[in-house]
Amino acid sequence: MIKLVRTDSSNIDFIELVKQLDAYLKITDGDEHDFYNQFNSIDSLKHVIIAYENNKPIGCGAFKPFGSTKVEIKRMFTLTEERGKGIATKILNELEHWALELGYSYTILETGKRQTEAVEFYKKNNYLIIPNYGQYIGVENSLCFEKLLRYEKG
């Protein structure tokens, strides 16, 4: 059974999972890894989800505020041997619910075009491709997504 835990970026299990994510991304990003890595600091993430199975951390994800109505999904990762079991979807759904609880209306995120599994994963979870935002404007390998969580009141 998968157990999801809300925590923050000081959690040692999260830190260890992110080390594995960074090692994976260093290979897939190639020469562009240092550019992307500068935007992936986990020093002050206050909204982190870790998935556990039999008390073993097997996946993670996080978000950080991006303006008053959006959060940016960060650091999504599932151990290679645990992929294909719906764990990432559970993590993403929990992050979306948490963002809604805090009053946010949208999630946004960036992934690299070379992360084909990630691109398909976000499309499958109803994320729509949007123009690149922020530091990703003009970055050829970046693909940005957005999802409406609920309609804004107004």
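Please enumerate the residues belonging to the stretch 59-75 that are of a type in the set (A, V, I, L, M) and more than 8 Å from the chain's Cα centre (by Cα). Even if it seems obvious, please write down each step before you answer.
Start the filter on the stretch 59-75 by keeping residues that are of a type in the set (A, V, I, L, M), which leaves 62, 71, 73.
Correct list: Val71 only.
Assess whether Lys90 counts as being among the basic types (Lys, Arg) and modelled with pLDDT of 95 or more. Before you say what the answer is, go through the steps one by one.
On the way: among the basic types (Lys, Arg): yes; modelled with pLDDT of 95 or more: yes.
When the stated conditions are applied, Lys90 passes them.
Does Asn93 satisfy the condition of being without any contact (Cβ under 8 Å) to a residue 40 or more places away in the chain, within 20 Å of Leu4 (Cβ to Cβ) and either crowded, with 16+ Cβ neighbours inside 10 Å or polar (S, T, N, Q) (or both)?
On the way: without any contact (Cβ under 8 Å) to a residue 40 or more places away in the chain: yes; within 20 Å of Leu4 (Cβ to Cβ): yes; either crowded, with 16+ Cβ neighbours inside 10 Å or polar (S, T, N, Q) (or both): yes.
So Asn93 passes the test.
Restricting to the stretch 71-81, and then to whatever is of a type outside the set (A, V, I, L, M, F, W, C) and crowded, with 18+ Cβ neighbours inside 10 Å, can you tell me which residue is nearest to Tyr104 (Cα to Cα)? Give the steps one after another, and end with the answer.
Narrowing the stretch 71-81 to residues of a type outside the set (A, V, I, L, M, F, W, C): 72, 74-75, 78, 80-81.
Those left that are additionally crowded, with 18+ Cβ neighbours inside 10 Å: 72, 74-75, 78.
Working: Glu72: 11, Lys74: 16, Arg75: 19, Thr78: 25 Å.
Here the residue is Glu72.
Could you tell me whether Ala88 is without any contact (Cβ under 8 Å) to a residue 60 or more places away in the chain and in contact with a helix residue (DSSP H, G or I) (Cβ under 7 Å, 6 or more places away or on another chain)?
Criteria met by Ala88.
Restricting attention to the stretch 116-135, report how many residues are surrounded by fewer than 19 Cβ atoms within 10 Å (Cβ to Cβ) and modelled with pLDDT under 95.
First, the residues of the stretch 116-135 that are surrounded by fewer than 19 Cβ atoms within 10 Å (Cβ to Cβ): 116-117, 119-121, 123-126, 128-135.
With modelled with pLDDT under 95 added as a condition, the list becomes 116-117, 134-135.
Summing the residues that are surrounded by fewer than 19 Cβ atoms within 10 Å (Cβ to Cβ) and modelled with pLDDT under 95 in the stretch 116-135 gives 4.
The values are calculated or read from the model by the stated rules, or taken from the named source; none is laboratory data. This structure is a prediction, so every number in the text was calculated from the model and none was measured. Backbone-built Cβ (ideal geometry, glycine too); neighbour counts: all protein chains shown.
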